[in-house]
Amino acid sequence: WMRDNRYLESPLRLSVAEVVQAKLKLGQPRQLVTVAPSDSVSEALERMQSYDFSQLPVFEGGAPVGAIYEDAILSLAIEGRDLKKQVVREVMGQPFPVLRSSATVDQVTACITRDCPAVFVEMSNSHYEILTKYDLLQAIAHLVEQPQ
């Protein structure tokens, strides 16, 4: 209701492309870290741990097809499932929403929820970047600190 009535509109008029550029300047990984649906859950967990991520996008044929979350992996481990034999396809959730690089920060924040912690940004050269709440906070803080 508050968002619909524009009470929560951001005074920041930033495009998503500007936020992505700020993220990259801050030294965050340039290469999108992904897993394939056929990868083992164990491989996904190793990638998550090596980058300190709580979720990973699942790509197939260069396009997002899902996402895998640490909560899903933890549930499998607690159930005693063999993570090396379980494949990502069997436990992945829906892919993150895809926004164009011309989208606004308001559009990103409308998509990011407790159940959807990230969005993909489709850049002009047909590749994807990912933005999480953490990325938004870091990039906005960096951009706000810059002299005008």
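Would you confirm, using the coordinates I've provided, whether Ala22 is of a type in the set (A, V, I, L, M, F, W, C), at pLDDT below 90, surrounded by 16 or more Cβ atoms within 10 Å (Cβ to Cβ) and in contact with a helix residue (DSSP H, G or I) (Cβ under 7 Å, 6 or more places away or on another chain)?
Numbers: of a type in the set (A, V, I, L, M, F, W, C): yes; at pLDDT below 90: yes; surrounded by 16 or more Cβ atoms within 10 Å (Cβ to Cβ): yes; in contact with a helix residue (DSSP H, G or I) (Cβ under 7 Å, 6 or more places away or on another chain): yes.
So Ala22 passes the test.
Restricting Ile68, Ile73 to those that are under 22 Å from Tyr128 (Cα atoms), touching a Leu at 6+ places or on another chain (Cβ under 7 Å) and β-branched (Val, Ile, Thr) reduces the list to Ile68.
Residues in the range 114-137 that are more than 24 Å from Val41 (Cβ to Cβ) and over 11 Å from the mean Cα position of the chain (by Cα): Glu122, Met123, Ser124, Asn125, Ser126, His127, Leu137.
Residue under question is Glu145, and the condition is that it be surrounded by 18 or more Cβ atoms within 10 Å (Cβ to Cβ) and among the charged types (D, E, K, R); does it hold? No; evaluated as a whole, the condition is false for this residue. Restricting attention to the range 97-121 and to residues that are in a helix (DSSP H, G or I) and in contact (Cβ under 8 Å) with a residue 24 or more places away in the chain, the residue that is nearest to Val33 (Cα to Cα) turns out to be Val108. I want to confirm something. Restricting to the range 127-148 and keeping residues that are over 23 Å from Ala63 (Cβ atoms) and outside any helix (DSSP H, G or I), which single residue is modelled with the highest pLDDT? My answer is Gln146. Could you please give the count of residues in the range 56-96 that are outside any helix (DSSP H, G or I) and either in contact (Cβ under 8 Å) with a residue 24 or more places away in the chain or surrounded by fewer than 18 Cβ atoms within 10 Å (Cβ to Cβ) (or both)? Summing the residues that are outside any helix (DSSP H, G or I) and either in contact (Cβ under 8 Å) with a residue 24 or more places away in the chain or surrounded by fewer than 18 Cβ atoms within 10 Å (Cβ to Cβ) (or both) in the range 56-96 gives 27.
Listed here are the residues, each with its yes/no results for (1) among the charged types (D, E, K, R); (2) within 13 Å of the chain's Cα centre (by Cα).
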{"position": "Glu70", "(1), (2)": "yes, no"}
{"position": "Ser75", "(1), (2)": "no, no"}
{"position": "Glu79", "(1), (2)": "yes, no"}
{"position": "Phe96", "(1), (2)": "no, yes"}
{"position": "Leu99", "(1), (2)": "no, yes"}
{"position": "Ser102", "(1), (2)": "no, no"}
{"position": "Val108", "(1), (2)": "no, yes"}
{"position": "Cys111", "(1), (2)": "no, yes"}
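Evaluate the range 102-114: report whether one residue or more is in contact with a strand residue (DSSP E or B) (Cβ under 7 Å, 6 or more places away or on another chain), surrounded by fewer than 17 Cβ atoms within 10 Å (Cβ to Cβ), within 26 Å of Val19 (Cα to Cα) and among the hydroxyl-bearing types (Ser, Thr, Tyr). Looking for residues that are in contact with a strand residue (DSSP E or B) (Cβ under 7 Å, 6 or more places away or on another chain), surrounded by fewer than 17 Cβ atoms within 10 Å (Cβ to Cβ), within 26 Å of Val19 (Cα to Cα) and among the hydroxyl-bearing types (Ser, Thr, Tyr), one finds at least one in the range 102-114, hence yes.
Only a single criterion out of (1) within 25 Å of Ser15 (Cβ to Cβ); (2) exposed (fewer than 15 other Cβ atoms within 10 Å of the Cβ); (3) in contact with a strand residue (DSSP E or B) (Cβ under 6 Å, 6 or more places away or on another chain); (4) not aliphatic (A, V, I, L, M) is not satisfied by Lys133, namely (3). With respect to being exposed (fewer than 11 other Cβ atoms within 10 Å of the Cβ), at pLDDT below 95, not charged (D, E, K, R) and not in a helix (DSSP H, G or I), Ser124 fits the description.
The values are calculated or read from the model by the stated rules, or taken from the named source; none is laboratory data. The structure displayed is predicted, hence computed values, not measured ones. Here the Cβ is made from the backbone with ideal geometry for all residues, glycine too, and neighbour counts use every protein chain on show.
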